[in-house]
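The values are calculated or read from the model by the stated rules, or taken from the named source; none is laboratory data. Computed from a prediction, not measured in an experiment: that's the story for all the values here. Cβ atoms come from the backbone with ideal geometry, glycine included; neighbour counts cover every protein chain shown.
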Amino acid sequence: MKKDNIYAKACPFLQSIITSNKNESIPVIVSLKSQKAYTKSNVSALSKRIKYELPIVNGFACDMSIPQLKKFYTNEDIDFISYDSSIHTIINVAGKTIGADKVNTMGYTGRGVTIATIDTGITMHRDLLFPTNRIVGFKDFLKNNNRPYDDNGHGTHIAGIIASSGISSKGKYKGIAPEANILALKALDQDGNGKVSDILSAIQWVIYTKDIFKTKILNLSLGTAAQYSERLDPLVKAANKAIESGLIVIAAVGNNGPNPRSILSPATSRFVISVGACDDKRGSAINDATIPTFSSRGPTKDRVKKPDLLAPGVNITSLSSTDNTGYSSLTGTSMAAPIVSGAVALLLQKMPNLTHFEAKKILAENCTRIGGTQFEEGAGVLNLNKLFDI
């Protein structure tokens, strides 16, 4: 095999170290060319240090030494090997701005719709437990704990934006879909960090269990630098698989603006509903909203126009993980994505058979432009008043 072809199978970081004589162990994600190639390959023989088997990308995550990597490239079934890089949360009166409060009074509250959140976990907050417990499941990919917990707070905040009943604030800090269910997956640590392989395994688990928990939506308020094209990016491939399985997938674009081409993976997927942030200035008029400098801009590495739309993401008040009746405010596209996830839960209550691509089209058609370019605001700020003809 030619040297150039061997290098084409590796991400830039692995290319930079493959020529060294070091014998250190490197965490990698291996993708094979097809499901058939994955099935016929003897995974345990390929590496004795398997972290996750990942059929979602026709591959697996493992540790390999540099000599192993050099030898491994000659396997003709290998499509791509990437470094198992770090992934992180995206932090830097929203319901009124997009019109959710009025929609709720019409009886659309997300009842019966389950949203999966892959994040830092979830706290048993009163607003998720009363008047009914809507935390329908919890899975810990880091410590394998059975009892829900959140040692960072980001995941609880996200869940509250989606589904808080607002009972502890007498309705002031109610979520967009206050009767929706939350399936919480912990794949990020106390600092809000994790590995791509943990997220891949979590997405895979959501797909496997979607019929058990009746999961309809996957919220990804996390991301990592988009180093590869969509075809090679493991996170994009996994998010697209989730869409293929019947889930509606929503991802935050990141807080790396105002520079162009700053959209994070997996929001770089042309299929995922990618959400940027707007600043609603604590008001209720969409036309007064502005685009904060932090919200990541498109296009993507593959020249796809992103973001798809915006939602409020500045000083968003939601559930606190340190006080099970308290609240806190956070800023970032992490906060904008669950607003859209909650809005889709309302849509699903109205149209239960809605597909991902139908939801994406409907959302884009019911936004209000606020003067930015398509690479800054996509279709504009989500406007449920339009959608529900209020």
**Request:** Could you run through region 279-293 and say how many residues are in a loop (DSSP other than H, G, I, E, B) and out of contact with any strand residue (DSSP E or B) (no Cβ under 8 Å at 6 or more places or on another chain)?
**Result:** 5
**Request:** Identify all residues within region 314-342 that are touching a Leu at 6+ places or on another chain (Cβ under 9 Å), closer than 22 Å to Ala285 by Cα and surrounded by 22 or more Cβ atoms within 10 Å (Cβ to Cβ); write none if there are none.
**Result:** Ile316, Ser318, Thr333, Ser334, Ala336, Ala337, Ile339, Val340, Ser341
**Message:** Pairs please, first residue from region 17-40 and over 16 Å from Leu235 (Cα atoms) and at pLDDT 80 or above, second anywhere and of a type in the set (S, T, N, Q) and surrounded by 11 or more Cβ atoms within 10 Å (Cβ to Cβ), Cβ atoms under 6 Å, 6+ apart in sequence or on different chains.
**Reply:** Ser25/Ser65
**Fill in**
Taking first residues from region 74-103 that are within 30 Å of Glu179 (Cβ to Cβ) and second residues anywhere that are among the charged types (D, E, K, R) and at pLDDT below 80, the pairs with Cβ under 8 Å that are 6 or more apart or on different chains are Val93/Arg282
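Per-residue answers, yes or no, for (1) over 18 Å from the mean Cα position of the chain (by Cα); (2) under 30 Å from Ser169 (Cα atoms); (3) outside any strand (DSSP E or B); (4) of a type outside the set (Gly, Ala, Ser):
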position	(1), (2), (3), (4)
Ser295	no, yes, yes, no
Lys301	yes, no, yes, yes
Lys306	no, no, yes, yes
Thr317	yes, yes, no, yes
Asn324	yes, yes, yes, yes
Ser334	no, yes, yes, no
Ile339	no, yes, yes, yes
Ala359	no, no, yes, no
**Prompt:** Restricted to region 359-390, and to residues that are aliphatic (A, V, I, L, M) and more than 11 Å from Ala311 (Cβ to Cβ), which residue is modelled with the lowest pLDDT?
**Reply:** Ile390
**Request:** Output the residue which, of all residues in region 101-113 that are among the aliphatic types (A, V, I, L, M) and buried (at least 24 other Cβ atoms within 10 Å of the Cβ), is modelled with the highest pLDDT.
**Result:** Val113
**Request:** Could you check Ile370 against (1) crowded, with 20+ Cβ neighbours inside 10 Å; (2) under 21 Å from Ile263 (Cα atoms); (3) β-branched (Val, Ile, Thr) and say which number it fails?
**Result:** (1)
**Prompt:** Of the residues Ile203, Ile212, Ile167, Ile243, which single one is buried (at least 24 other Cβ atoms within 10 Å of the Cβ) and either within 25 Å of Asn353 (Cβ to Cβ) or of a type in the set (Val, Ile, Thr) (or both)?
**Reply:** Ile203
**Message:** Tell me the residue from Ser318, Ser284 that is among the small types (Gly, Ala, Ser), at pLDDT below 95 and over 22 Å from Ala242 (Cβ atoms), please.
**Reply:** Ser284
**Request:** Mind listing just one residue for me: the one in region 138-150 that is over 18 Å from Leu200 (Cα atoms) and crowded, with 17+ Cβ neighbours inside 10 Å and, of those, nearest to the chain's Cα centre (by Cα)?
**Result:** Asp150
**Asked** Any residue in region 343-350 that is part of a loop (DSSP other than H, G, I, E, B) and surrounded by fewer than 23 Cβ atoms within 10 Å (Cβ to Cβ)?
**Response** no
**Residue identified as touching an Asp or Glu at 6+ places or on another chain (Cβ under 7 Å) and either surrounded by 23 or more Cβ atoms within 10 Å (Cβ to Cβ) or modelled with pLDDT of 90 or more (or both) among Ile87, Ile122, Ile98, Ile56** = Ile122
